[in-house]
Amino acid sequence: MIGRTLLVTKSTIMRNSILILIAVLGLQSIVGQKQLEDYKKVLPKTLERSINFDITKGYAIQKVKPNIYVLTDGIWQSVAVVTTQGVVLIDSPESFGAKIQEAVKSVSNQPITTLIYSHGHSDHIGGSQHLSNIKNLEIISLTGTEAFLREQNDPRRLIPNKTFEGAFILKKGNTRIHLNNHMNHHSPEGDLFISIPEQQFLMVIDVLAPDYVPFKNLDLSNNIHEYLQVFDQILAYDFDVFVGGHLTSLGTRKDVEITKAYVDDVHSTVTRIHQNTNAMAVMSAAAEKVGWDNKYLLFKVFLDKVIDDSYAEIELRWINKLAGVDVWGRSHVSTMLNYVRWDD
Ligand SMILES: [Zn+2]
């Protein structure tokens, strides 16, 4: 009887221990990793201004000016400009590239004659592979973009057959499409500002998405110095419709101003906290636990503290204003710290 009781008690203890272990591990994973449900929901005002699209079709094509249409699948955006001498496409995203000809046909009888590349990234121009059936398609890009694509030899991205450096005005009937390479804020091979001044239309890809913070690492910019200046360059244009290449909405001047304020805040916050954090004190405290041998680790502790403290402020100020702060905000702070510490 005693033996049986001991056996029962033993197995009960074991079972309870396993349950406790599972509970602790579960708790750890909750504490250590934010659950998907914990992320801030996209704000209603953002959802309200989104372009609606038919999910079965996979894209929407929306008139934004008398002869300018925006095509989107809810994540990428491209543009079709209908002229009296054919349709000019600006970018052909890989995601809905196969549907672009069908989409253009639904709004115009004009043939597609020209394709402009905003920059060389495959997500924005990898759909050009689906336009290879168009005879004599003129493909325009910066010289640097063409050279890069030739080197990449990627079957998804057709090689441009007309290139320029600096600036070029494409004339089609009465339409004038201005292409300008002011700076390389995003892609080292070159980025274009694409504008139609008569219609106050401007397209600059991979700088901002209306009502959202920029994408990861400040929109994957290869040049934070120029990225910080790109907002003023954009605002120097006269426009009321802005296409940024991503997500669901069309932009306005106000969207550019808000994103500029966010990025400037990240810049000044990281600069101040980096200046005011005593690297030696932070590293010494860590060295008391692990010694001084692992210099990489000690320096990482310092950088992580600057990132944590900066992000805490940014989250507090922006979480209710823009979507995605708790998704990419920390990456913005981290990217900015690289710039602030080593380049600024
Ligand atoms: Zn890009």
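Confirm whether Glu151 is under 20 Å from His121 (Cβ atoms), acidic (Asp, Glu) and modelled with pLDDT of 95 or more.
Criteria met by Glu151.
Here is a list: Gly74, Gly127. Which entry is within 16 Å of the ligand (Cβ to nearest atom), in contact with a strand residue (DSSP E or B) (Cβ under 9 Å, 6 or more places away or on another chain) and either modelled with pLDDT under 95 or within 30 Å of Leu47 (Cβ to Cβ) (or both)?
Numbers: Gly74 fails: within 16 Å of the ligand (Cβ to nearest atom).
On inspection, the qualifying residue turns out to be Gly127.
Scanning for something at positive phi, surrounded by fewer than 21 Cβ atoms within 10 Å (Cβ to Cβ), in contact (Cβ under 8 Å) with a residue 12 or more places away in the chain and not assigned by TED's automatic domain parsing to the domain that holds Arg330, does the range 180-195 turn up at least one residue?
Within the range 180-195, not a single residue is at positive phi, surrounded by fewer than 21 Cβ atoms within 10 Å (Cβ to Cβ), in contact (Cβ under 8 Å) with a residue 12 or more places away in the chain and not assigned by TED's automatic domain parsing to the domain that holds Arg330.
Can you tell me which residues in the range 314-344 are touching a Ser or Thr at 6+ places or on another chain (Cβ under 8 Å) and either open to solvent by 50 Å² or more (accessible area, probe 1.4 Å) or among the small types (Gly, Ala, Ser) (or both)?
Ala323, Asp344, listed by residue number.
Where the second residue is among the aromatic types (Phe, Trp, Tyr) and within 11 Å of the ligand (Cβ to nearest atom) and the first is in contact (Cβ under 8 Å) with a residue 60 or more places away in the chain and lies in the range 205-221, which pairs have Cβ atoms under 9 Å and are six or more apart or on separate chains?
Asp206/Phe215
Taking the range 214-246, which residues are in contact with a Phe, Trp or Tyr (Cβ under 9 Å, 6 or more places away or on another chain), more than 14 Å from the ligand (Cβ to nearest atom) and open to solvent by 10 Å² or more (accessible area, probe 1.4 Å)?
Hits for the range 214-246 are Ile224, His225, Leu228, Gln233, Tyr237, Asp240, Val241.
Just to check your reading of the model, which residue among Ser122, Ser118, Ser132 is within 16 Å of the ligand (Cβ to nearest atom) and either open to solvent by 20 Å² or more (accessible area, probe 1.4 Å) or of a type in the set (Asp, Glu) (or both)?
On inspection, the qualifying residue turns out to be Ser122.
Out of (1) within 16 Å of the ligand (Cβ to nearest atom); (2) in contact with a strand residue (DSSP E or B) (Cβ under 7 Å, 6 or more places away or on another chain); (3) open to solvent by less than 40 Å² (accessible area, probe 1.4 Å), the odd one out for Ile139 is which?
It fails just one condition, (1).
Looking at Ser249, Ser310, which one is over 30 Å from Gly126 (Cβ atoms), in contact (Cβ under 8 Å) with a residue 40 or more places away in the chain and open to solvent by less than 30 Å² (accessible area, probe 1.4 Å)?
Every option except Ser310 fails the conditions.
The values are calculated or read from the model by the stated rules, or taken from the named source; none is laboratory data. Please read all numbers here as calculations on a predicted model, not as lab measurements. We place every Cβ from the backbone using ideal geometry, glycine too, and count neighbours over all the protein chains shown. Heads up: the accessible areas ignore ligands, DNA and RNA and are worked out on the full protein's heavy atoms, side chains in. Shrake-Rupley method; radii C 1.70, N 1.55, O 1.52, S 1.80 Å.
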